[in-house]
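Visitor: Before I ask anything, let me first share the structure, which is written out below as structure tokens.
The values are calculated or read from the model by the stated rules, or taken from the named source; none is laboratory data. None of these values were measured; they are calculated from a predicted model. A quick note on method: Cβ atoms are made from the backbone with ideal geometry, for glycine too, and the neighbour counts reach across all protein chains shown.
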Amino acid sequence: MPAILVTLFCFLPTGIAAIVFSSQVSSKSSVGDFEGAAQASRKAGILVVVSLAAGLVFWAILIAIGMSTPSTTTQMPAP
């Protein structure tokens with residue numbers, strides 16, 4: 001579930017990779033490859049954190065740019 005959320009709200013490329021690795025966990029576990037499932041789970045977790053960090057940095061930059069640019073709205077003259 002966290003992989004889907006960071007894909008939608010944070011950073012798409014690493015979020016998709018996190019979804020792929022998290023989907024491998026159950027399939028590897030069901031065939032008895034518990035070591036492979038553990039590795040896929042670790043990779044998915046790392047990619048979730050990377051996606052979250054990249055998304056936070058991206059949004060912080062956007063907010064900083066938005067706050068630093070002057071407003072383009074003009075005030076209406078008083079009647």
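Visitor: Report those helices (runs of 4 or more DSSP H) wholly inside the chain carrying at least 3 residues which are within 23 Å of the chain's Cα centre (by Cα) and at pLDDT 90 or above.
Guide: Fully inside the chain and qualifying: 12-30, 34-68.
Visitor: Could you list, in sequence order, all residues of region 10-37 that are hydrophobic (A, V, I, L, M, F, W, C) and in contact with a Ser or Thr (Cβ under 9 Å, 6 or more places away or on another chain)?
Guide: Those that are hydrophobic (A, V, I, L, M, F, W, C) and in contact with a Ser or Thr (Cβ under 9 Å, 6 or more places away or on another chain): 10, 11, 12, 16, 17, 18, 19, 21, 25, 37.
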